[in-house]
Each structure stands twice: as C-alpha cells, then as structure tokens.
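Take a look at the structure below.
The values are calculated or read from the model by the stated rules, or taken from the named source; none is laboratory data. It should be emphasised that the depicted structure is a prediction, and the values quoted were computed from it without experimental measurement. All Cβ positions, glycine included, derive from the backbone under ideal geometry; neighbour counts span all protein chains shown. Please note that ligands, DNA and RNA were not included when accessible areas were found on the heavy atoms of the full protein model with its side chains. Shrake-Rupley method; radii C 1.70, N 1.55, O 1.52, S 1.80 Å.
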Amino acid sequence: MIARPLFPLAIALLALAAPPRAANEPRDAHGYRMARPPYAFRFPRDFASHPGYRTEWWYVTGHLSGPAGAWGFEVTWFRFGIDPALARGASAWAPHTVWFEHVALTDEARGTFAWREDASRPALGLAGGDSLRERVWVHDDTLALASDGVTHRLVARLPGEARDALALTLVPRKPPVVHGARGVSWKSAHTASHYFSLTRLDARGTLLRGGRQSAVQGLAWMDHEFFSETDTAQAGWDWFSIQLDDGRELMLYRLRRHDGTIEPASGGTWVEPDGRSRHLTAAEWSASATGAWTSPVTRARYPSGWRVRVPGEGIELALDPTVRDQELVTRDTGVTYWEGSVHVRGTARGAPIRGTGYVELTGYAGPALAR
C-alpha cells in the first residue's frame with residue numbers, strides 16, 4: 001500500500017496566501033505571455049496546460065525496480081506554440097501548436113539505453129493538453145491527474161517491440177515545490193519561466209518489455225515548466241535532480257553562454273523532508289565534471305560524472321551515470337541531448353549518504369531547444 005499524503009489542506013492554504021497572478025504580463029510579438037512576477041500557483045489547476053505561453057513541458061523521470069531488474073526512465077511531453085491566432089481559424093488542421101513526446105528507458109542491470117520519439121498536432125484529438133485539469137497526450141501516451149486531485153497516472157509505449165509499455169501510478173509524498181521567487185524562475189536578467197516540481201513521487205505499476213510483464217516500484221520526479229522567451233546568448237544547460245535517501249531533494253541548473261561563461265541567474269532549490277524548500281543562488285553550489293564521454297553518433301563531447309557541493313547544507317556528492325551512453329538524437333525536434341540516470345553517493349555534514357538522480361545536458365551537440 002502507498003501511504004496517502006496528508007497535504008491537500010496545506011496546498012489550499014498556500015494558494016490563499018499567495019500573491020495574485022500577474023495582471024499585466026507582457027506579451028511577445030505573437031501574443032504569448034511572458035513569465036513575470038508575481039505569479040500565484042494554484043493546484044491542482046496548474047498541473048494543467050497553459051496555452052497562453054509559447055513553450056511548456058511535463059518531465060517525468062525516475063528509477064524503478066522489480067524481479068526482472070532495475071531501470072531508469074524518462075517520459076516527456078512538450079508543447080510548442082507556433083501562432084495563437086491560427087487557433088482561432090476555421091480549419092482544425094491549422095498548425096498553431098505542435099506536440100512532441102520522448103520516452104527513454106535505461107536498463108541499469110544490462111547497461112543498455114533505448115529511446116523513442118513521437119510528434120503530432122492537436123487536429124482530430126491526436127495530441128493535446130487540457131487547460132482545466134492535468135491531461136496531456138500524444139496519441140495513446142498520457143499523463144493525467146486522477147479524480148482524487150493527488151494521484152497522477154502515466155501510460156507510455158516504450159522503445160522496442162510494439163506492445164512494450166510502461167504504466168505507473170504516481171503518488172506525491174510532498175506538495176509541489178515552486179522554483180525561484182514570487183512564482184518565477186529567472187533564466188537571465190530578462191527571461192524567465194514558471195516552474196515547479198513534484199520532487200518525490202511513489203511510483204508503482206507495470207513494465208511490459210519483450211513480451212514479459214514485470215511489477216515495478218520506485219521513486220519518480222516530475223517537472224512542469226511553461227514560458228515564452230529564451231535568451232539567445234545561452235548555448236544550453238546542465239540540469240540535475242537528486243533524491244537523497246534521507247528524504248531530501250536537490251534541483252540545480254547551470255545555464256551556459258556561447259562565450260563560455262555561466263549565466264549568473266543559474267540556481268537551484270533545496271527541499272527538506274517535510275517539503276519546505278529554499279532557493280539556491282549560483283554562488284551557493286558547485287558542480288564540476290569528473291570525466292567526459294564522446295558520442296559515437298554525433299561526436300559531441302559531454303561531461304560524464306560530477307562532483308556536486310552545497311556548502312551551506314554540508315553536502316558533497318559524487319554523481320555517476322548508470323550507463324555512459326544516454327544520448328537522444330531526435331529528428332522531430334532537431335534537438336540532441338543527453339539525459340540519463342545517475343547513482344548518487346557522498347556525505348551530508350560528514351555522514352555517508354546515497355541517492356538517485358537524473359542529469360540533463362543540452363547544447364553540446366547543437367541547439368538546446370526546438371526552433
């Protein structure tokens with residue numbers, strides 16, 4: 001049995017206490033909203049889609065185990081707006097929005113990695129996102145919030161045979177963690193996003209692979225981010241999500257500029273076992289590569305293995321990829337990136353600690369975002 005979290009009342013109180021949504025958010029040339037403070041997140045409403053912003057994604061990553069082995073997984077739905085005016089046109093086929101999906105599975109026991117991609121438009125309901133409740137889909141792959149307003153259900157076809165699939169029930173142990181300040185996560189002096197995470201989800205379900213179905217359980221992490229603008233001076237980012245065995249979590253992002261410098265707006269979030277969180281500035285943490293890996297497909301050279309330090313929390317961690325090659329070379333988005341599972345070990349104020357995590361590396365083999 002998965003213990004039901006006892007935080008719906010806390011979420012409601014946070015929503016009531018939060019500042020009002022930004023009433024006069026500026027808009028870009030196409031009319032999409034640009035993320036600006038203050039923004040008051042309200043749950044479960046903000047699990048849903050936000051078509052007023054140009055770009056949005058739902059990332060679910062995690063680690064599963066069962067009698068047949070141990071796996072890392074990534075399932076991601078992306079929404080990219082093209083022109084909101086086309087959505088008001090007469091044709092259901094007007095290309096106002098495009099949806100993408102990436103699914104990846106790391107077999108940690110066998111040391112293999114496989115992935116697949118899919119894409120579609122909202123026409124005829126082939127893909128889409130509900131703007132009133134969490135339900136996003138590309139063809140038959142879905143992420144949806146159950147009627148209890150707490151449980152999330154994920155169904156996705158896995159890379160491999162036609163029937164290979166992952167079906168999970170995800171129950172958060174903590175309330176959503178909002179990144180940044182006043183509802184906004186700054187990515188530069190002039191660009192920002194609205195960004196929150198469910199940093200510790202109990203995951204249970206089934207994994208069907210190669211004709212064999214296994215019961216699996218583990219921990220997952222979900223990111224949801226929406227925005228309309230990017231900084232063209234930035235080449236890409238290094239993103240880390242870490243779940244420590246003592247119940248704490250750490251999210252870090254380092255934005256790399258084309259000139260080789262690091263964007264000062266880079267930051268992160270530290271999450272306590274009871275769900276309390278605090279923003280970390282770029283000066284409060286460090287992440288240094290301990291090795292490198294060169295892709296045999298793209299010849300891109302990625303950092304591989306990291307030393308992460310958060311001095312204010314007494315944290316020193318080593319992150320080691322479970323599989324070196326976890327690169328996705330996508331055709332639909334034209335974006336190549338490395339995203340994979342890592343083992344975490346180290347010390348917390350001198351005491352040994354372990355955990356699991358995911359790392360995403362973009363901009364090492366071309367543009368970081370679909371153009």
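Exactly one of (1) touching a residue at least 40 places away in the same chain (Cβ under 8 Å); (2) open to solvent by 10 Å² or more (accessible area, probe 1.4 Å) is unmet by Phe240. Its number?
Going through (1) touching a residue at least 40 places away in the same chain (Cβ under 8 Å); (2) open to solvent by 10 Å² or more (accessible area, probe 1.4 Å) one by one, Phe240 breaks only (2).
How many residues does region 133-155 hold that are over 18 Å from Phe226 (Cα atoms), under 16 Å from the mean Cα position of the chain (by Cα) and open to solvent by less than 30 Å² (accessible area, probe 1.4 Å)?
Here the count works out to 2.
Using the structure shown, decide if Ala189 is under 23 Å from Tyr358 (Cα atoms) and surrounded by fewer than 22 Cβ atoms within 10 Å (Cβ to Cβ).
The answer is no for Ala189.
Based on this model, can you work out whether Asp246 counts as open to solvent by 50 Å² or more (accessible area, probe 1.4 Å) and among the acidic types (Asp, Glu)?
yes
What are the pairs with Cβ atoms under 7 angstrom where one residue, in region 95-114, is closer than 19 Å to Pro296 by Cβ and among the aromatic types (Phe, Trp, Tyr) and the other, located anywhere, is open to solvent by less than 20 Å² (accessible area, probe 1.4 Å) and assigned to a loop (DSSP other than H, G, I, E, B)? Sequence gap at least six, or different chains.
Phe113/Val323; Phe113/Gln326
Which members of region 194-212 meet the condition of being more than 21 Å from Arg153 (Cα to Cα) and surrounded by fewer than 23 Cβ atoms within 10 Å (Cβ to Cβ)?
Result: Gly210, Gly211, Arg212.
Can you confirm whether region 166-181 contains a residue that is of a type outside the set (A, V, I, L, M, F, W, C) and more than 18 Å from the chain's Cα centre (by Cα)?
Within region 166-181, none of the residues are of a type outside the set (A, V, I, L, M, F, W, C) and more than 18 Å from the chain's Cα centre (by Cα).
Just the residues that are of a type outside the set (A, V, I, L, M, F, W, C) and open to solvent by 10 Å² or more (accessible area, probe 1.4 Å), please, taken from region 51-70.
Pro51, Gly52, Arg54, Thr55, Tyr59, His63, Ser65, Gly66, Pro67, Gly69
Residue under question is Thr230, and the condition is that it be open to solvent by 20 Å² or more (accessible area, probe 1.4 Å), over 16 Å from the mean Cα position of the chain (by Cα), of a type in the set (S, T, N, Q) and closer than 30 Å to Arg256 by Cβ; does it hold?
It is true that Thr230 is open to solvent by 20 Å² or more (accessible area, probe 1.4 Å), over 16 Å from the mean Cα position of the chain (by Cα), of a type in the set (S, T, N, Q) and closer than 30 Å to Arg256 by Cβ.
Does His190 count as part of a strand (DSSP E or B), closer than 18 Å to Tyr39 by Cβ and out of contact with any Lys or Arg (no Cβ under 8 Å at 6 or more places or on another chain)?
Criteria not met by His190.
Conditions: (1) surrounded by 20 or more Cβ atoms within 10 Å (Cβ to Cβ); (2) within 29 Å of Asp246 (Cα to Cα); (3) basic (Lys, Arg). Arg256 meets all but one. Number of the miss?
(2)
Only one residue in Gly312, Gly334 is at pLDDT below 95 and more than 17 Å from the chain's Cα centre (by Cα). Which one?
None of the others qualify; the one that does is Gly334.
One line per residue, one yes/no per condition, for (1) over 13 Å from the mean Cα position of the chain (by Cα); (2) at negative phi; (3) among the acidic types (Asp, Glu):
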position	(1), (2), (3)
Arg204	yes, yes, no
Glu225	no, yes, yes
Gln234	yes, yes, no
Asp245	yes, yes, yes
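Being among the aliphatic types (A, V, I, L, M), modelled with pLDDT of 95 or more, open to solvent by 20 Å² or more (accessible area, probe 1.4 Å) and more than 20 Å from Gly72 (Cα to Cα) narrows it down to one of Ala165, Ala90, Ala127, Ala181, so name that one.
Sole residue among the options that is among the aliphatic types (A, V, I, L, M), modelled with pLDDT of 95 or more, open to solvent by 20 Å² or more (accessible area, probe 1.4 Å) and more than 20 Å from Gly72 (Cα to Cα): Ala181.
When you scan region 91-161 for strands (runs of 3 or more DSSP E) that lie fully inside it, which ones turn up with 2 or more residues that are among the charged types (D, E, K, R)?
The qualifying strands (runs of 3 or more DSSP E) are 97-107, 112-120, 152-157.
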